[in-house]
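See below for the structure under consideration.
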Amino acid sequence: MPFTAKSGKFNAKINAVTIGTGDKAITIGGENVLPFYTFDEAIENAPKVGIEITDGGMEAEPECIQKCYEGCTSVVDMAKKAVTFDGVDFLSIRLEGGDPNGKNKSTEELIQLVNDVAAAVDVPLFVCGCKNVEKDAELLDKAAAALAGKNAVILAAKEENYKTIGASAGLAYKQVVGAESAVDINLAKQLNVLLTQLGVSGQSVVMNVGTASAGYGFEYVVSTMDRVKAAALSQSDATLQMPIVTPVASEVWNVKEAAASEADMPEWGNQEERGVDMEIETAAAVLAAGSNAVILRHPESVKTISTLVKELV
Amino acid sequence: MALKGLDIFKLSPKKNCKECGSPTCMAFSMKVAQGAVSVDACPYFSEDAKAQLNEATAPPMKTVKVGAGENEMSLGGETVLFRHEKTFVSKTRYAVSLCSCMDDAEIDAKLAAIPKVDYERIGERMFVEMIYVNYDAASGKDKYLELVKKAAALGRVLILGCDDADVAKEAVELVKDTKPVLNGANASNYEAMNAVATGAGVVLGVQGKDINELYDTVAALEKLGNKNLLIDAGSNSIKDAFATAVQFRKAAIKDGDRTCGYPSIVRACCLAKGNAHLQAALASLFTMKYGSIVVLEQLGYAEALPLYGLRQNLFTDPQKPMKVEPGIYPLNGADENSICVTTVDFALTYFVVSGELERSGVPLNLIINDAGGLSVLTSWAAGKFSAGTIAKFFAEQDIEGKIKSRKLVIPGKVAVLKGELEAKLPGWEIIIAPNEAVQLVKFMKDLTA
Amino acid sequence: MAKFVTIGERLSTTAPAVNKAFMERDPEPILARAKQQLDAGAVYLDVNIGPAEGYGEDLMKWAVQLLQSNFDNVPLALDTSNKKAIEAGISVYNRSKGKPIVNSADAAGRIENVDLAAANDAIVIALCNGEGIAKDNDERMAYCQTLLERGLEHGMEPTDLWFDPLFLVVKGMQDKQMEILECIKMFSDMGLNSTGGLSNNSNGMPKHIRPIMDSALVAMCMMQGLTSAIVNPNDLRLMETIKSCDVFKNNTLYADSYLEI
């Protein structure tokens, strides 16, 4: 008697959201099964992998990543190089220099950079703010305007600034709005409801439901994603059927296991290997939990995760 | 798994004879489901139906024990598919693989590398718990038996990967007191392998060329009376191995298919085909879904640090906070003159705060209070992180005797404690930190600039 | 668990305006009442055409097609004692949003409606009564068993029989109310679905009292495991209570705007 599995496909499905334009456009979501459960039903749109650079350019990168961008002298150079790495589906530019508590770069300066990067590459773009909610309201509004017609992802609208960013990115400039909540499933749902009530189409919203490095409260990330997918698929909750995008890079390269030098932790060995494995293992875990796209930093991580996804879908 | 009244009703005679004392078979079935009455109270319930009932009330997934003495560990026994439903009970175990096809130098190098990863994280020892010893027929039996002996000397639980029953018998004989796993039963050898495994009282791993053959072989072994089994997810492809691991777990937990209810073993070393980074990704994937043992080519610190952290997160009890040991943690080369920073013993708070403090580069003494493993605001609200408890902790730990600095930084979220703390800890300057950990780097730099 | 299923009761031939519209095949009043109920959050709509002897097949087809074509294949409960009319309705029914519900069968004269539902892969509301109202829960459960066996014999999924304990009016049968609640618990313990005309409890009470009684009862019933009810969706208090209970039962995920969606 052969093995007979009951199908685990659902009547509901995750929204399919297209990002970018032309030949390089990508689509995430659209599945009616749990992550990588292709035995229940084929998954049409495999999860996508993006590479991240920041406005800080070379000097903001760890040494091991700098060497992958050898010869680059500007952020635009890095952007051009980044999109040539194996497995890159999209480019993310993080404007962390805008943080008033950090470098406090002007909106004009950063938007000029966004324009320059957008002109230099043809892959889909994600723009990530500096995490300061007031500054992001201004910065991401301008970024959405600058990228009009590019169908980019604007990360992120939060509870405090969703009105400005939703109205700008979602309504005025028809970008894809990223809704960010930090491992709070009720807020994740509420933000989607609020954006929809604002008039943003649910089909152009993606969620960042929060992330962490493996080992750093990662159980909350897993349970949040498990529950989001359960509500979206088994309870057919349309307010949670948005695809999940998870910025992994901005978390993992800060934790001790990735950041400590070999001189400080000789028994831990090569720092690059530690950083890459932290990024890879965290990314594999968030994909297994339900992310439809991950944002990574090291080209080797991008290549590996892209291979993993191809093997699984 | 608890049975619904409906499942019992379907097996009942549906005669409504009232001889059991219930007005209808339906009412009787409900009482049986609640445990209020035994099914034996019904004179007409067939033996076959009773057997089905017993089968259905058994746990959905077997708990299998491997290793002996202090090495003994449990695999399987899960009752849910997602950690938010209920705690996962048996964490994933990691093995490093050796093969008799390797030359001596390679074997010695790998054996020397295995004990290197051995550290503690939040009260849990992190190390390579198992060694997979693979048999290569071309290299001969003697070399394999030598390798088994050599590997056994490391004192880890062995998994003997061998599908030749005669060789397996001798290998198991060498180490059977350590309760190894014998992995290698398949459709053509399962009877002989079963004799070896049951003879020595060890767990038997089952393989198949596809999921159907695997299922049939498990069923055949069950028929021989062996339920001390492991499911090998196979080495055909990553996709197949994932499908097998997930579908078996799902069928066992959700659909009550007992033939699927065994722990799994995933040979990521074979699936990764020499790609070390891909192997790291697979280790993470199969820790998430649903590997009981994951076998790797190598496991150095680079792979281990995120992997063991992930495992520790996934297998915690969702109801029970993770705690770190209260005490003084000197960071960035701090000494007795360095400034003090205090917070609670909730593991997540500790990791986030200590990570940011380390990034600041400022030498400081991080004092972790005993706050019941709760977060700053929760423990404050529960009275476990107050001026009184902090002062008491300082006295118990003799902080003033151990540290000369009299500057203490407290979390921004409990700024209200400042006045009271100044009263309870005379001579100390109480400084209020920002609300969010990410602001600590700048704050500490400014503070000590 | 699945969300509580509300079946809107406001398309009934007992309302003169609806009856007139049915007889004249006038779409406007029907569509207006349907829209009002769906906007208020009804999941299913009950279509009660009465016995409709002679013209029932034609009328039910007309009503099913009218409602489904205007409201994205809204799922319907076909409510009539005319079996041919139910079959006719199902013959034109689109099940993309849910199976049709046959309303209703009982353990006596109308038990054949279970067979009808089985033959058409439909859900059936199974009233736990025989000739007259059951005197106690032993009798209700005996009817339940009869109906369940009938469904299983005809190859139905047990979850496609929605058992109705028959809600009783408080004024006159106040002492029987807890029995009904216990009966719902028994259905739930058995793993069975349930439904019923819950507002029957408040029959004869002043208009401003009824929503309060109905809301209190639905909360108690949902605690006991009731999975559906035939309700007036325009009763805001009742609908808000159901949404809130769905949150407590973890049937839907809470968000601050939960009442608005």
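Once both labels are positioned 7 Å from their Cα atoms along Cα-to-Cβ, the gap between C:Met173 and C:His154 label points is 2.5 nm. Would you please classify the overall shape of region B:327-448 from the alpha carbon gyration tensor, given that a ≥ b ≥ c denote the square roots of the eigenvalues, rounded means a/c under 1.5, and beyond that prolate means a/b larger than b/c while oblate covers the rest? In terms of gyration-tensor shape, rounded. Normalised Debye scattering of region B:1-93 at q = 0.10, 0.21 Å⁻¹ gives log10 I(q)/I(0) of -0.41, -0.95, counting only Cα atoms as equal scatterers and leaving out solvent. For GluC sites (Glu not before Pro), no site in region B:171-233 is both called loop by DSSP and has at most 14 other Cβ atoms within 10 Å. Put in order of Cβ neighbour count within 10 Å, fewest first, the listed residues B:His84, C:His154 become C:His154, B:His84.
Is there a pair in B:Lys15/B:Lys227; A:Lys229/B:Lys31; A:Lys13/A:Lys158 whose C-alpha atoms are over 27 Å apart, and which pairs would that be? Going by Cα-Cα distance, B:Lys15/B:Lys227; A:Lys229/B:Lys31 fall outside the 27 Å limit. Among the GluC sites (Glu not before Pro) within region A:60-122, those in coil by DSSP and having at most 13 neighbouring Cβ atoms inside 10 Å are A:Glu70.
Calculate how steeply helix B:301-314 sits against the longest principal axis of the alpha-carbon atoms of chain B, using the helix alpha-carbon long axis, and give the answer as 0 to 90 degrees to the nearest 10. Approximately 80 degrees, to the nearest 10. Distances between placed amide hydrogens fall under 5 Å for B:Arg121 paired with B:Met126, all partners being 5 or more residues away or on another chain. Relative contact order of chain C: 18 percent, from C-alpha pairs under 8 Å at least 6 residues apart in sequence.
Among beta bridges identified by DSSP and lying wholly in the protein assembly as shown, the antiparallel ones come to about 15 percent.
In whole Å, what is the distance between the alpha-carbon centres of region B:5-25 and region C:1-63? Taking the Cα centre of each part, region B:5-25 and region C:1-63 sit 40 Å apart. Sorted ascending by nearby beta carbons within 10 Å, beginning with the fewest, A:His298, B:His277 become B:His277, A:His298.
Loop-located GluC sites (Glu not before Pro) in region A:225-313 (DSSP state other than H, G, I, E, B) with a sparse environment of at most 15 neighbouring Cβ atoms within 10 Å: A:Glu262. Taking label points 7 Å from Cα along the Cα-to-Cβ direction, A:Gln66 and C:Leu66 give a separation of 7.7 nm. Which of the helices in chain A, when you take each full DSSP H run, stretch at least 18 Å along the axis at their Cα atoms and have an average Kyte-Doolittle score of -0.5 or higher? Those that pass (Cα extent of 18 Å or more, hydropathy at least -0.5) are A:107-120, A:133-146, A:185-198, A:271-289, A:299-312. With coordinates expressed along the principal axes, the C-alpha atoms belonging to region B:63-314 extend over 47, 43, 35 Å, beginning with the largest. With the largest listed first and rounded to whole Å, the semi-axes of the equivalent ellipsoid of region C:128-214 from the Cα gyration tensor are 27, 14, 11.
What does the C-alpha gyration tensor say about the overall shape of region B:111-214? Classify as rounded when a/c is under 1.5, otherwise prolate if a/b is larger than b/c, or oblate. Since a/c reaches 1.5 and a/b is larger than b/c, the shape of region B:111-214 is classed as prolate. Annotation: Cα Rg of chain A relative to the compact-globule expectation 2.2 N^0.38 Å equals 0.96.
Distance from the C-alpha centroid of region C:222-261 to that of region B:264-341: 42 Å, rounded to the whole angstrom. Each Lys or Arg adds one and each Asp or Glu subtracts one; over the other residues with Cβ under 14 Å from the Cβ of C:Arg10, this totals -3. Tell me the Kirkwood hydrodynamic radius of the protein assembly as shown in angstroms, computed as one over the mean inverse distance between distinct C-alpha pairs. Kirkwood radius, the protein assembly as shown: 32.2 Å. Peptide B:20-27 has a mean shielding of 5, counted as Cβ atoms of other protein chains within 10 Å of each residue's Cβ.
With the convex hull constructed from alpha-carbon coordinates only, chain C shows a mean projected area of 13.4 nm² over all directions.
For the cross-link pairs A:Lys103/A:Lys256; B:Lys18/C:Lys83; B:Lys110/B:Lys239; A:Lys131/A:Lys256; A:Lys103/B:Lys384; C:Lys61/C:Lys185, which exceed 32 Å when the distance is taken from alpha carbon to alpha carbon? Over 32 Å Cα-Cα: B:Lys18/C:Lys83; A:Lys103/B:Lys384; C:Lys61/C:Lys185. Would you mind pulling out the separation of the Cα centroids of region A:50-102 and region C:84-151, in Å? If you average the Cα positions of each part, the centres end up 65 Å apart.
The DSSP beta bridges internal to chain A are antiparallel in roughly 10% of cases.
Remark on chain B: ratio of C-alpha radius of gyration to 2.2 N^0.38 Å is 1.26. When DSSP beta bridges are restricted to pairs lying wholly in chain B, around 25% turn out antiparallel. As a proxy for reagent exposure, ranking B:Thr342, B:Thr79 by other Cβ atoms within 10 Å from fewest up yields B:Thr79, B:Thr342.
Read-outs throughout are calculated quantities, based only on the coordinates presented, and are distinct from any laboratory measurement. Bear in mind the structure is a predicted one, so any value in this text is a computation, not a measurement. Heads up, the Cβs are rebuilt from the backbone with ideal geometry, glycines too, and the neighbour counts pull from every protein chain shown.
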